[in-house]
Amino acid sequence: MENEEIGKPAGESPKARRFRPLHAVLLVPLLAITILWGYRYGSVVVRKAQYAARTPTFSDSSERLSQTTVVPTLDTPCPAGRNVIWCSSFQLAWNEARDEAVGAPLEIPEAVEFAGRLNNARESSSDLAAGSVYAVAGRLRDGIVGRIGKEMGEQFPSHEPPDFEASVREPDGILSYAYLTARVPFKYPFRQVDEGITFTDSQGTQTQVTGFGLWRAYLRRYKDLREQVEVLYARLVEDRPSYEVAECAIDLCRHSDPYQVIIARVEPRGSLAEVLDHVRKQIADSRKQPTYESDSQFGVNDRLKIPDMFWRIDHRFRELIDKRVANSNPPMPIVEAFQTIEFRLDRCGAVLESESRLAILSAPRYFNLDRPFLVYVQKRGAEHPFFVMWVDNAELLVLK
C-alpha cells in the first residue's frame, strides 16, 4: 500500500511529525550560541590551555647564561650589557643564619665586601605576606632538617624542599633555608601580541619575542582592561613632536592584592638599588601633582606592549663557597650557597617562586695522591724507617 502522505518518510508516526518544527526552533538558536561562543570565547579557552602547557624558555644553571647575572643584594654593582636578577630568598636565608644561628653578622675574612652587603641589607620576611614565605636556620644537632620538612609540609604541602640529608651530616653545622612564592593574577587578561614584539637590547641587537599588552583601548570590550592599568608616571621625549614616552612606570593591575607588578621603562644605573630609587622617586613626585588622577589613566588611544617571560635559574654564589665563617663557633666554611628562582610574566599575570639554602659546616677533605708524593715504611714507634720512596712520575705505577 502506498504511503498516503507523499514526501513523508515511511514509518514516521504523527507524533514525531508534530515535534519536527519544535526541533528546528530549538536547534537554530543552539547552533547560533555555539558559533558565537566559539568565536568570542573559544580562543580564550584554547589560549589558557596553551599557557598552562608552556614550558620555561630556560631552566638550568646560571653558568649557562652568557648575558645574565644573579646578584646577592640590590646594591651590588650591575655589569653593563647584561640582565641583572635579584630575589630576596637568599637574603632571607642569610638573615636567619645571622640572627638565629650565629647571633651576629657573619664574619667572612675572605669575602668581606660580599658578606658586608648581605649583613647590612634591609630586606626581610616582613616584605612578604605571611602565607607566602618561610625562613628558618639552626644547628643540625638540634634537628633543623626535620623541622624544615615538617613546617614546610604544613605551610606549603605542594612544594617539597631539597634533600638536605645527603649533604649536611655534621652535628655542629648550620643550615639555613628560605622559600617564597607569590602569584599576581591580573583581574582582566591582556591581549596577546600575535605578531610578536621586536625587542632591541642595549647593544642594538633586535630579537623577535612574544608579548602581551593593550591597544585599540577605545573599544568597549577593553574598557575594564583599560581601567585596570595605572600609569604611575610618564615623561615624554623632549623636543619631539610625537608622544613617544622616554620614561614611565606602570602598575599592570591596580586590583591585585597583596602584591602588584610594576614595569618601568628607564635608563640603567650603577645598581638595581639606584634604578629602583629613581623610579620610586619619580612615582612619588608624580602622585603629588594635581593632575595625577587624570594622568594616571590609561588613555583610549594609548598603546602598551610587554615581552613575555618564563624561566627558571639555579645559581650558586661561588664568592662564598669554601670561605670560612670566623664567628660560627667553631669557625667553619660555607659549603653551600644556592638559590633557585622561577619567574613567569604573561597576559594573565605574574608568578614567582624561589628558594635558597646556606650550609655552614666542615667541608670534606679530599686526600687524592694524584701528583708527586712520598711513601715510607717503618716499625711503629721506631726512630728510623727502612723504606723510603719519592714518587715523581708514573713509570713504576700500575697503568690502567
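Values as computed for the structure displayed
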{"read-out": "Filter pass, Leu399 being touching a Phe, Trp or Tyr at 6+ places or on another chain (Cβ under 6 Å), over 30 Å from Glu336 (Cβ atoms) and either assigned to a strand (DSSP E or B) or modelled with pLDDT of 85 or more (or both)", "value": "no"}
{"read-out": "Region 257-288: number of residues that are farther than 20 Å from Thr69 by Cβ and touching a helix residue (DSSP H, G or I) at 6+ places or on another chain (Cβ under 7 Å)", "value": "1"}
{"read-out": "Flag for Leu118 being assigned to a strand (DSSP E or B), in contact (Cβ under 8 Å) with a residue 12 or more places away in the chain, assigned by TED's automatic domain parsing to the domain that holds Trp94 and under 24 Å from Ala359 (Cα atoms)", "value": "no"}
{"read-out": "Gln289, sole failed condition from (1) in contact with a strand residue (DSSP E or B) (Cβ under 6 Å, 6 or more places away or on another chain); (2) not in a helix (DSSP H, G or I)", "value": "(1)"}
{"read-out": "Some residue of region 139-161 being crowded, with 20+ Cβ neighbours inside 10 Å and touching a Ser or Thr at 6+ places or on another chain (Cβ under 7 Å)", "value": "no"}
{"read-out": "Residues (among the acidic types (Asp, Glu) and touching a helix residue (DSSP H, G or I) at 6+ places or on another chain (Cβ under 8 Å)) located in region 161-193", "value": "Glu165, Glu170, Asp172"}
{"read-out": "Unmet requirement for Pro171, which otherwise passes all of (1) part of a loop (DSSP other than H, G, I, E, B); (2) under 21 Å from Cys248 (Cα atoms)", "value": "(2)"}
{"read-out": "Test result for Arg287, closer than 20 Å to Ala182 by Cα and among the basic types (Lys, Arg)", "value": "no"}
{"read-out": "Which numbered condition Gly146 misses (of (1) at pLDDT 95 or above; (2) among the small types (Gly, Ala, Ser); (3) under 21 Å from Leu361 (Cβ atoms))", "value": "(1)"}
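The values are calculated or read from the model by the stated rules, or taken from the named source; none is laboratory data. Remember, predicted model here, so these are calculated numbers, not experimental data. Using ideal geometry, Cβ is built from the backbone for each residue, glycine included, and neighbour counts are taken over all protein chains shown.
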